[in-house]
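Report on the structure given below.
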Amino acid sequence: MPNNLPHDHITPFNEDAGKKEQVTRMFNNIAGRYDLMNRVLSAGIDIGWRKKAINLLKKDTPQHILDVACGTGDMAIMAARLLNPQKITGIDISEQMLVVGKNKIEKEGLTSIIELQTGDSETINFPPNTFDAITVAFGVRNFETLEDGLKEMLRVLRPGGQLVVLEFSKPKNAAIRKLYNLYMGIVAPKMAGLFSQDKKAYKYLNESAKAFPDRQLFINILDKVGYSATSYKTLSLGICCIYTGRKPVSR
């Protein structure tokens with residue numbers, strides 16, 4: 001059920017396959033180099049972003065957390081260290097990303113706390129009101145249908161539970177925005193080519209970030225699908241935002 005958001009139609013490859021299938025293939029292709037590319041291309045700044053997002057959950061002391069689009073497990077591993085929950089479940093559509101993530105979790109000695117499994121944000125295989133909190137780090141722009149994914153996360157979130165989303169945004173300052181566009185549009189894809197033959201992944205990153213409904217536009221969507229107490233905070237001169245919302249207690 002497409003919701004006609006421009007973001008929903010941005011795909012990694014110029015072909016007839018659906019966005020979900022293309023995104024899955026893209027991440028399967030780059031899984032083995034994904035962590036290294038992330039650290040290099042972000043100069044490690046993404047680690048601080050993740051920590052800030054996870055710390056917003058501390059006051060809630062969530063015991064069962066769902067990490068959507070968990071990738072190679074960075075968010076889940078950090079949440080396990082910072083929040084000390086009983087269980088974290090991570091879901092992702094890319095099998096190869098999960099293989100990398102499971103190996104990392106085993107090395108960290110966290111297999112008793114973190115479980116990664118194949119899963120789709122738009123059809124989450126858990127009953128309603130299952131999770132105390134949900135996190136998504138740089139994943140919502142990859143949803144095939146953004147609103148459907150947000151609704152599905154709301155369904156499995158317990159009443160009063162908090163959603164925390166970390167996502168790229170477009171800087172408001174003209175000078176910063178120009179540098180950001182230069183980096184994302186030209187520098188990052190070329191640097192990615194040093195690690196991988198698949199430069200399309202970082203071209204897609206730039207295109208999907210530009211099309212993503214950021215700041216108040218994303219808050220409006222969260223409000224529309226049923227979240228309450230929604231807010232956002234900009235990070236690093238506006239190139240990233242943390243979004244939060246809760247499931248109303250009455251739901």
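No lab work stands behind these numbers, since they all come straight from the coordinates. Since we're looking at a predicted model, the values are computed, not measured. Glycine gets a Cβ as well: all are built from the backbone with ideal geometry, and neighbour counts include every protein chain shown.
From the alpha carbon centroid of segment 48-103 to that of segment 9-43 is 20 Å. Normalising the average separation of contacting C-alpha pairs (under 8 angstrom, six or more residues apart) by the number of residues puts the relative contact order of the chain at 21 percent. Note on segment 1-102: lysine pairs with Cα distance below 21 Å, sequence gap of 8 or more or different chains, count 7.
Give me Cys70, Cys241 sorted ascending by neighbouring Cβ count inside 10 Å, so fewest comes first. Working shown, then result.
On the way: Cys70 28, Cys241 23.
Going from sparsest to densest Cβ surroundings: Cys241, Cys70.
Label separation (Glu21 vs Val99): 2.2 nm, computed from points 7 Å beyond Cα along the C-beta direction.
What nm value, rounded to one decimal, do you get for the distance between Leu36 and Gln117 when each label is placed 7 Å out toward the C-beta? Between Leu36 and Gln117, the label points sit 3.2 nm apart.
Remark on Gly161: its backbone amide H falls under 5 Å from those of Lys247, a criterion applied only to residues 5 or more positions apart or on other chains, H modelled at 1.01 Å from N. First check a/c for segment 40-140, with a ≥ b ≥ c the square roots of the eigenvalues of its C-alpha gyration tensor; if it is under 1.5, answer rounded, and if not, answer prolate when a/b is larger than b/c or oblate otherwise. The shape class here is rounded. Specify whether the C-alpha gyration tensor of segment 6-246 places it in the rounded, prolate or oblate class, a ≥ b ≥ c being the square roots of the eigenvalues: rounded for a/c under 1.5, otherwise prolate if a/b is larger than b/c and oblate if not. Rounded, because the longest to shortest axis ratio a/c is under 1.5. With each label modelled as a point 7 angstrom along the Cα→C-beta vector, the Ile47-Leu237 pair spans 2.2 nm. Taking the helices alone, the chain has a mean residue ellipticity at 222 nm of -13000 deg cm²/dmol, built from -39,500 (n - 2.57) per DSSP H run of at least 4 residues and averaged over all its residues.
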